[in-house]
1. For the pair SER11 and ILE357, what calculated FRET efficiency results from E = 1/(1 + (r/R0)^6), where r is the Cβ-Cβ distance and R0 = 35 Å, to the nearest 0.05?
2. Between THR106 and VAL263, what's the calculated FRET efficiency when r is the beta-carbon distance and R0 is 60 Å? Round to 0.05.
3. Please identify the helices of the chain, taking whole runs of DSSP H, that span at least 24 Å along their own axis as judged from the Cα atoms and have a mean Kyte-Doolittle score of -1.0 or higher.
4. Set the Förster distance to 41 Å, then compute FRET efficiency between THR154 and VAL54 from the Cβ-Cβ distance, nearest 0.05.
5. Could you order peptides 345-358, 204-217 by the average number of other Cβ atoms within 10 Å of their residues, highest first?
6. Just add up the charged neighbours of GLY35: K/R +1, D/E -1, any other residue whose Cβ is under 12 Å from the Cβ of GLY35.
7. Just the Cα atoms of the range 155-296: what Rg and Dmax do they give in Å?
8. Sorted by packing (mean other beta-carbon atoms within 10 Å per residue), highest first, where do 245-251, 81-87, 303-309, 394-400 land?
Amino acid sequence: MKVLVINCGSSSLKYQVLDMTNEMLLAKGLVERIGMEGSVITHEKIGMDKFKLVTPMEDHKDAIEQVLMAVQDKNHGVVASMNEIGAVGHRVVHAGEKYAESVLITEEVIKALEECIELAPLHNPPNLLGIAACRQLMPNTPMIAVFDTAFHQTMPPESYIYAIPYEYYTKHGIRRYGFHGTSHKYVAQRASAMLNINLDELKLITCHLGNGASVSAIKRGKCIDTSMGFTPLEGLVMGTRSGDIDPAIVTYIREKENLPQGVANEILNKKSGVLGISGVSSDFRDLEAAVEDGNERAMLALQVFAHKVRFYIGAYIAEMNGCDAIVFTAGVGENDVMMRELICNNLGNLGIKLDPIKNKVRGKETIISMEDAKVKLLLIPTNEELMIARDAYSIASRLK
Ligand code: AMP
C-alpha cells in the first residue's frame, strides 16, 4: 500500500508518499505561501531533480489539488492514479486528553479536534483544513490522524498537573500535554533497535532539539514526563521561544513596557529563546559563526540553551532512578557537534561520557558515547513522516 502523509501549516504544507510494503520514500514536497501571492509547490520524486511550480493557490484545497497533480504527474509522479493511495496520514498537533493513539478520521473525530482548537489555535485549524480538503478530493480514501500529543498521554498526574487551582484543570483542561510525541516515540523505538534491548527494559531520555525543542523521559516504552507543557512554549530554551521562565515576569514586563494585549505572548514565542539572548539569530549555525567572531552574547545563548538541556537530563535521571541511553535528534541534536559537547560536558559522575571523535558526525544513526560509559549516547535522525505513514498503514490495513 502507498500512503500519502500530509503536514499542514497555516500557509505551508509538507507531504510525502511512501510505499509501505518496504517503507520506501517515493516522493516528497513542500507547498509554500498558500493564500498569498507567489504560491509555490516544490516536488521531488526521489532520485530525480526537484520540480518547482509557481501557481495561484487560494486555500488548502487548491494546495492539496496541486499535491495530487504532482504525485500523479507523468514525469515526476509516483502513482498512475490516486486509487493507488491506500491511506492518507495527517499530522495533527493537539488532541487534548481525547486520543492517546492515532485514529481513523470520522465526523466524531473532527468534532473532537475542533473542540481542541482553543488549546492549539495556531496549529489545529490548518491541520483541520488539510483534512477537510483531502476528504473532499479523495472521499473514498481512509484518512488517519496522528497526534503530537498522543505519546505523552501516558504521563502520570504528578507530571502533568500544574500547582494552580485544580478547577482550572477540570474546567479548562489546563495541564501539561507535551508535543513532538511522534518524534520522541520514533527515536525511542530506534534506540531500542540500535541497542538490541526491548523498549520495556529501557530508561531513555530523548532530546528533540530543533527550532522547537523538548526532552522526554521514557520508561519502559512509556513517556512519564516531557518538558513542553500546556503549550509548546514551556521547557527548554528554543530558537525563538523562551521555555521556562518565572510566570511573574510576564505581568512585570507588560506593565514596565506598557505592552498591549497579546504582545507579551508574541515576545515569548517569537522574540525570545537563543534569538532573544543573542540578538543575532535563532539558527544555531549563525550563532556558532558569531561565536567564532567573538560575539559573547551568542556564546551566552548557546550556554543557556545547553544549561537547560542538562537541567532536564538531570531531572529525568532522578525521575527514572537512572537512565540507559540519551538520544539526540532534530536539527540541532542531529547536526550540532559543539552543542552536544556543551550538553554532555562534565557529566561523568552520572555515567555520561561523550566520545569527542565519534561525536564529529552529522545526521547519521550512530553511538557517540565512550565504550566504557554507563549511559549510551545516541544520535538518531528523526522521521515523523514514517511514523505517521506506519500508523496510517496499520489502521487502513485493518479496515480491509
Ligand atoms: P528543525 O526544527 O528540527 O528543522 O531544526 C532546525 C534547526 O536546526 C535550525 O534552526 C538550526 O538551528 C539547526 N541546525 C541545522 N543544521 C545545523 C548544523 N549543521 N549545525 C548546527 N545547527 C544546525
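1. 0.20
2. In this case the efficiency is close to 0.90.
3. For the chain, where a helix must reach 24 Å along its axis and average at least -1.0, the hits are 296-320.
4. Taking R0 as 41 Å, the efficiency between THR154 and VAL54 is 0.35.
5. Result, highest mean first: 204-217, 345-358.
6. Result for the local shell: -3.
7. 18.0, 57
8. Going by the mean number of other Cβ atoms within 10 Å, highest first, we get 303-309, 81-87, 394-400, 245-251.
The numbers here are math on the coordinates, done by the rules we state, and not lab data. Computed from a predicted model, the values in this text were never measured in an experiment. Note that each Cβ is placed from the backbone with ideal geometry, even for glycine, and that neighbours are counted across all protein chains shown.
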